[in-house]
């Protein structure tokens, strides 16, 4: 967006914005800019000042997986100053997909970042783009199994399992040879280039999952119940059966990690 340049908003400007929000009743602050840890020293000084002024205030921020790994030593202080969760664009666990998206991290990095946050007592709120031209249905099942095995069901908004890659005009992906075999015409109304997956199962699964997630969000369904339904549908479309039996959602009275009230984020 800024052609590789990084701009730091002055600390006093941010603090004044926060004061106004707190005066209006805010008890939690979201730093939504994914460049939050491009200036780690600036970020640390900011949250120290914030915590000193309003000790009860909690916050979250968005950071790249590579930045969580690189600046892992900072997270105990983030936790001590009120950070309760971090949003990060994991996107995929497939190295093929990550390479085509040029994400700058690997699956191993995702695991390291998750461990860093867990040790600090901060929840990871990952975002995913499971439906890309390079992702296979096996990749999708592996993602679901990883979320389940890592105990992240309550930390992933179900719509994240239904996100399809958008390629707007001007996207750097358009200059990459890896996307060309899949590209179709520009959808001007949707402001994105159409693309078609080679596996018709993936093409059919994505809109069905999107509808399922939307319906579940509208009815305030327990995310764990929705996850179980997503998993059953995906396994059925793949023509596979779960080796470990049907998914059993956690009890409804369990504590739910902090989250954004809007699940449609990426």
Q: State the Kirkwood hydrodynamic radius of the chain in Å, one decimal place, computed from all pairs of distinct Cα atoms.
A: 20.1
Q) Okay, which of the range 55-98 sit inside 20 Å, backbone N to the point 7 Å along the Cα-Cβ direction of residue 175? A) 98
(Q) Compute the distance from the alpha-carbon center of the range 1-49 to that of the range 103-165, in whole Å. (A) 26
Q | Percent of Cα pairs exceeding the 23 Å cut-off, where the set is the range 55-166 | A | 27
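Can you sort 66, 102 so the residue with the fewest Cβ neighbours within 10 Å comes first?
Lowest to highest Cβ neighbour count: 102, 66.
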Q | Rg(Cα)/(2.2 N^0.38 Å) for the range 1-128, N = residue count | A | 1.09
(Q) Let me check I have the definition right: for the range 166-252, take the eigenvalues of the Cα gyration tensor, multiply each by 5, take square roots. What are those semi-axes in whole Å, largest first? (A) 32, 17, 11
Q) So if R0 is 41 Å, what FRET efficiency would residue 119 and residue 187 give, r being the distance between their Cβ atoms, rounded to the nearest 0.05? A) 0.40
**Q.** Per-bin percent of Cα-Cα distances, the range 1-54 [5 Å]
**A.** 4, 16, 30, 24, 15, 7, 4, 0
Q: Report, for the chain, the % of DSSP beta bridges that are antiparallel, rounded to 5.
A: 20
Q. Once the Cβ-Cβ distance between residue 196 and residue 261 is put in as r, and R0 is 22 Å, what FRET efficiency do you end up with, to the nearest 0.05?
A. 0.05
**Q.** Over the chain: helical MRE at 222 nm, DSSP H runs n ≥ 4 each giving -39500 (n - 2.57), nearest 500
**A.** -12500 deg cm²/dmol
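Each reported figure results from applying straightforward, stated rules to the coordinates on display, with no laboratory input. Because the structure is a prediction, the values reported are computed rather than measured. When we count neighbours, we look across all protein chains shown, and the Cβ atoms used for this are built from the backbone with ideal geometry, even at glycine.
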